[in-house]
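Structure first, then comments.
The values are calculated or read from the model by the stated rules, or taken from the named source; none is laboratory data. What you are looking at is a predicted structure, and each value in this text was computed from that prediction instead of being measured. Methodologically, a virtual Cβ is constructed for each residue, glycine included, from the backbone with ideal geometry; neighbour enumeration extends over all protein chains shown. For accessibility, only protein heavy atoms count, side chains too; no ligands or nucleic acids. Shrake-Rupley method; radii C 1.70, N 1.55, O 1.52, S 1.80 Å.
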Amino acid sequence: MIFALVGNQNSGKTTLFNQLTGSNQHVGNFPGVTVDSKSGFIRGYRDVEVVDLPGIYSIRAYSNEETVTRDFILNEKPDGIINIVDATNIERNLYLTLQLIELRIPMVLALNMMDEVRSNGGTVDIEMMSERLGIPVVPISAAKNEGIDELIRVAYETASKREIPKIYDFCSPGPIHRCIHAICHVIEDHAQSADIPLRFAASKLIEGDDADIISRLDLDKNELELIDHSIVEMEKEHGLDRNAALADMRYSFIESVCRGAVVKARESKEHLRSEKIDRVLTNKYAAIPIFFGVMLLIFYLTFNVIGKFLQDLLQSGIDAFSAVTDTALTTFGTNEIAKSLVIDGLFAGVGSVLSFLPIIVVLFFFLSVLEDTGYMARIAFVMDKALRKIGLSGRSIVPMLIGFGCTVPAVMATRTLSSDRDRKMTILLTPFMSCSAKIPIYAVFSAALFPDFAALVMIGLYIFGILVGVLAALLMNHSMYRGNPVPFVMELPNYRFPSAKTVAMLLWDKAKDFLTRAFTIIFFATLMIWFFSTFDIRMNPVESQQESILASIGALIAPIFTPLGFGDWRVSTSLITGFIAKESVISTLGILTSEPGGVTNAIAQLFTARSGLSFLVFTLLYTPCVAAVSAICRELKSKLKGIGVAVFQCVTAWIFAFIVYHIAGLIIG
Amino acid sequence: MTLDKLPIGSAGIITAVGGEGALRCRLLDMGLIPRTKVKVVKTAPLGDPVEIRLRDYELTIRLADAALIEISPVTDNNKDSAGGTAE
Ligand SMILES: Nc1nc2c(ncn2[C@@H]2O[C@H](COP(=O)(O)OP(=O)(O)OP(=O)(O)O)[C@@H](O)[C@H]2O)c(=O)[nH]1
Ligand SMILES: [Mg+2]
């Protein structure tokens, strides 16, 4: 048995999904967090599957993530629909409910956020609503885990008895009523043979925006004319055009459902609180300085205070462990090559990356707080006009902010953008937002080469990345992606206190992710690098790495980087492994240099301030890692274009590194 | 009068929703239909978009899109009554 979770954006679908299945999907106080379907089994019911879907306001397919939901409910034909309605915003949420009812699928309404309604003194007469809507209604609070068992019971029962919604006629007598019934009459046989619910088909014909449904109905010219005629008649009589008339019908019905059944709270605490917070955060003068201040503070705290402190702690732990192991292996008289594998390979490689775990987790913590509190939606509101100047909309800022964490989810988050043009542009821009995997590179290099200005160099790199992104956007906006940005219609949810559990789960997820990467991909890359730098083609251990297999490969591409100031084969090799995972740049340099004093010392030997700066700019801008490139290919639906993006970035990186190298030459000499 | 001209803090009742295609459907879906009461809450720091309140929730739309919505202004003493349709 399969249930679909359907509801408006930000109504709590994913929160409910996590409660039902015990999984840990991303929840956030922002409309449009979920962009793909996700299925799981209800705890304790091994044969009952639920599918979490992106939020929609109406069964239409404007943006890609809405298409996911529309296609799922229309094509997969779930056994039941669990329609989640945000009880604090009941009228707009029920608008979708009415459309779902037309689908003739067993359905239960889960009235969510009842905790907020109750605490504000509002009430909902559940029985009356259920009666008037013709479907079971269960009050729940997904976040507080209230009413979930009852919901499962009712949903299971409704679906096993195949109880179709009892009411589906929402029109009161009048022109629109006559029109719908006339259309139903014409298309009845077509709808039946195409297996499309009759009322739903009629609505779609009136709205006329779902070409797929209309063509599946296979109507002939006469019938289409007949239908159009009755719609035009209705418009004349009604005074409203077809879309407005239909929306009006639905909202009128909703008002009649709510009248007497829903007693609204006079003032909602959450709303009052949001108003107060917004007086500051979206204040006419303060909003933009606050936004930049918040971002700076986040990076400052991450790199300099909390993250740094935890990292130093972890680093000394790893160093101590490495020293102990070294001594132990030496005392034990372990074979030199085996010892080199452990000390020069694993510790120098994976170890050099591992200590960045706290910094990355701290950064994700702040990004998730931005999202869970509801501030992210305000950033979109505040920055919309600025983004429009480069041809985007406020919504594009969300993938970009997520991009500071990781490019993969950021690229996926672009699905909420409703125009293809905005999506493509945003996808091209997110890699310029420096991802957290590059932090080890920046940190190690600035510590080695600019110890007095480390923080400045780090922040400068982030800003430089953004500036190049803006430049690229302006360029695209005036060349291949000419056109008008899409409308920006977005709900601003009330501020909420982030749930500790959600944040903790997210951090655990990110930490797990990082550790998995460190011990799989980076570990493997480390082994390869160690192997190829320790042996020559005849499998003899080399005297000096200069003779190794890797040196000969690295030397092949090194000349490309000579004009940028870092033509050493070890550096070019590290850039190649950086394509696998950005942290590998550091782990590779760690293995290939194996200087006493670690990778920091080695970098100080290998680079000058000038070539170091040029290298940092190159790593900031060059191709995203394999995982990100494949995500880009997926989202652009073309391997070629995805690879094109990677090449475009490499070229951009080369050019900017070249410029920086030469300007720095003039200044530092 | 159109919604973009409504001063901050005041309310109006929608009389017609213009525009076309996807944008218009989105506006209607969000509950911006004739007879609905809306209130302008604030404009963004750069002057655009605006934040409006209707049917007990906040929505942000751009001035250019707000200009598509015809309203008749109402005098409104009750601060937080921008919910539902005017009777
Ligand atoms: N007070 C309260 N908050 C809730 C409840 N359920 C969910 N929330 C909050 O509502 C917000 C949205 O929750 P999500 O589960 O991400 O909503 P969604 O429907 O999946 O949203 P999209 O994926 O963006 O469509 C989060 O901040 C949740 O913590 C509830 O029952 N009570
Ligand atoms: Mg979700």
Quiz item: Among the helices of chain A (complete DSSP H runs), which have Cα atoms covering no less than 30 Å along the helix axis and a Kyte-Doolittle mean of at least 1.6?
Solution: A:454-477, A:639-668
Exercise. Go through A:K424/A:K639; A:K264/B:K37; A:K510/A:K639; A:K236/B:K5; A:K13/A:K501 and tell me which ones have a Cα-Cα distance over 25 Å in this structure.
Key: A:K510/A:K639; A:K236/B:K5
Quiz prompt | Relative packing of peptides A:192-200, A:403-411, A:16-24 - highest average C-beta neighbours within 10 Å first | solution = A:403-411, A:16-24, A:192-200
Quiz item: Counting partner chain Cβ atoms within 10 Å of every residue's Cβ in A:247-258, what's the average?
Solution: 4
Quiz item: Over all residues in B:38-44, what is the mean tally of Cβ atoms on other chains that come within 10 Å of each residue's Cβ?
Solution: 4
Practice problem: Calculate what fraction, in whole %, of the accessible area of the stretch A:2-160 sits on carbon and sulfur atoms when a 1.4 Å probe is rolled over the protein chains. | Solution: 45
Exercise. Would you tally the net charge around A:A338, using a Cβ to Cβ cut-off of less than 14 Å, leaving A:A338 out, and scoring K and R as +1, D and E as -1?
Key: -2
Practice problem: Normalise the Debye intensity by I(0) for the stretch A:601-656, one equal point scatterer per Cα, no solvent, then take log10 at q = 0.13, 0.18, 0.24, 0.25 Å⁻¹ and round to two decimals. | Solution: -0.42, -0.64, -0.85, -0.88
Quiz prompt | Contact order relative to length of chain A, as percent, for alpha carbon pairs under 8 angstrom and 6 or more apart | solution = 12
Exercise. Just order B:1-10, A:97-106 by mean Cβ neighbour count inside 10 Å, highest at the front, would you?
Key: A:97-106, B:1-10
Exercise. Provide the per-residue ³J(HN,Hα) series for the stretch A:36-47, in order, calculated from phi with Karplus coefficients 6.51, -1.76, 1.60 and θ = phi - 60°, each as a whole number of Hz, with x at glycine and proline positions.
Key: 9, 7, 8, 10, x, 9, 5, 4, x, 10, 5, 9
Quiz item: Peptide B:17-26: average number of partner chain Cβ atoms within 10 Å per residue?
Solution: 5
Self-check item: Neighbourhood net charge (11 Å Cβ-Cβ; Lys/Arg +1, Asp/Glu -1) for A:I105
Solution: -1
Quiz prompt | Ranked by how many other beta carbons lie within 10 Å on average, peptides A:236-248, A:530-542, A:432-444 from highest | solution = A:432-444, A:236-248, A:530-542
Self-check item: In the stretch A:246-329, GluC sites (Glu not before Pro) in a DSSP loop with at most 14 other beta-carbon atoms within 10 Å
Solution: A:E267
Quiz item: Relative contact order (percent) for the stretch A:2-160, with alpha-carbon contacts under 8 angstrom and 6 or more residues of separation?
Solution: 23
Exercise. For the stretch B:70-75, just list the computed ³J(HN,Hα) in residue order, Karplus coefficients 6.51, -1.76 and 1.60, θ = phi - 60°, integers in Hz, with x standing in for Gly and Pro.
Key: 7, 9, 10, x, 10, 7
Quiz item: Rounded to the nearest 500, what is the protein assembly as shown's calculated 222 nm mean residue ellipticity when only DSSP H runs of at least 4 contribute -39500 (n - 2.57) each, over all residues?
Solution: -17500 deg cm²/dmol
Quiz prompt | Backbone N within the stretch B:8-33 under 15 Å of label point (7 Å from A:A194 Cα along the Cβ vector) | solution = none
Exercise. Distance between Cα centroids, the stretch A:568-611 to the stretch A:141-179: provide it in whole Å.
Key: 61
Exercise. Calculate, in whole percent, how much of the Cα-Cα pair population of the stretch A:383-469 lies beyond 16 Å.
Key: 55
Self-check item: Total formal charge among the other residues, if their Cβ is under 14 angstrom from that of A:S630, Lys/Arg +1 and Asp/Glu -1
Solution: +3
Quiz item: When the Cα centres of the stretch A:1-42 and the stretch A:439-490 are compared, how far apart do they sit, in Å?
Solution: 33
Quiz prompt | the stretch B:3-73: relative contact order as a whole-number percent, Cα under 8 Å and 6+ apart | solution = 41
Quiz item: Which residues in the stretch A:386-418 place their backbone N less than 17 Å from a point set 7 Å from the Cα of A:V294 along the Cα-to-Cβ direction?
Solution: A:386-387, A:394-405
